[in-house]
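Shown next, in structure tokens, is the structure this report addresses.
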Amino acid sequence: MEMLNPHCGIDRDPRGVVRLTICNAGSLNILGSAAIDGVREGLETLAKDREIRVLVMAGQSEKSMIGGADIKEMAGLDQKSAERFITRLRDLCEEVRIFPGPVIARMPGWCLGGGLEVAAACDFRIAAHDAKFGMPEVRVGIPSVIHAALLPRLIGWGRARWLVMTAENIDAPTALAWGLVDAVAQPGGLDAAVEHTIKSLLECGPEALRAQKDLLRQWEDLPLKESVDLSIGVFGRSFLSGEPQRLMQGFIGRKR
């Protein structure tokens, strides 16, 4: 594993798949300020690399991708330092959300609070069969904020309200039924489930995937007619890369 900094290690395979491992954050991968900054800086570096086809976010242990934000650090905050802390975490989540290529969250064990916010900013969430999810912030006196705002879009207002107001945890089958995760692996099969999604993504045009991800992000904010009309120019520009011509000719050739 190549260390970009003490909290961000990467493994790269020949296909252009990069696994980003959050390191040196304890057995549950808890995000304090140093870890937040390290992972964000790593993502900023990787975002410039157009050879990356798929990014997988993972934790150093099998207990968690990210267990949550560091309560020990937060317990010593005041209003100003609290705003600085949560701005840091916002910037990390946003760096995940705007990463140019597809991002997969590899989710064993616990995924709570800030960890679930980072996961919500990923494009795909793949959970171990025994994973647990929750938003426990209100139990320690703070609201769930920043990218928790993605939750109603993922799972609907009622279920998002349940998570952030009851602070009760849900299991992997419930998370799948709610749409919080996209797949639940068989026991011992988390990496195989992640690889299945990687293979699907690698069969797609890399430039098309980047354009599709960017469109989806814009569709979140724009009215329907603007979303429809914006897409026309994106469709046209996709032909400048040569990718549609090459892949469509390949498709036509297979059909003969």
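Restricting to lysines 8 or more places apart or on different chains, can you count the pairs in the chain with Cα atoms under 28 Å from each other? Step by step, the pairs that qualify in the chain add up to 12. If only the Cβ of Lys and Arg carry +1 and only the Cβ of Asp and Glu carry -1, the dipole of segment 2-202 around its Cα centre is close to 340 debye.
Remark: relative contact order (the chain) = 14 percent; criterion is Cα-Cα distance under 8 angstrom and separation of 6 or more residues. If you plug the beta carbon distance of Asp49 and Ala75 into 1/(1 + (r/R0)^6) with R0 = 30 Å, you get a FRET efficiency near 0.20.
Let me make sure I get this right: for segment 149-234, a, b and c are the square roots of the gyration tensor eigenvalues over alpha carbons, sorted descending. Under 1.5 in a/c it's rounded, otherwise prolate if a/b > b/c, else oblate. Which is it? Oblate, because a/c is 1.5 or more while a/b does not exceed b/c. Of all DSSP-defined beta bridges confined to segment 1-77, some 50% are antiparallel rather than parallel. Taking the fewest neighbouring Cβ atoms within 10 Å as the starting point, the ordered list for His7, His129, His196 is His196, His129, His7.
Once the C-beta distance of Arg12 and Lys199 is scaled by a Förster radius of 25 Å, the resulting FRET efficiency is 0.90 to the nearest 0.05. Using the beta-carbon distance between Asn169 and Met3 and R0 = 30 Å, what value does 1/(1 + (r/R0)^6) give for FRET efficiency, to the nearest 0.05? FRET efficiency, Asn169 to Met3: 0.40. One Cα centroid belongs to segment 61-114, the other to segment 18-52; the line between them spans 10 Å.
Coordinate-derived values only; no laboratory data. Being a predicted model, the structure only gives us computed values, none of them experimental. FYI the Cβ positions are ideal-geometry reconstructions off the backbone, even for glycines, and counts take in every protein chain you see.
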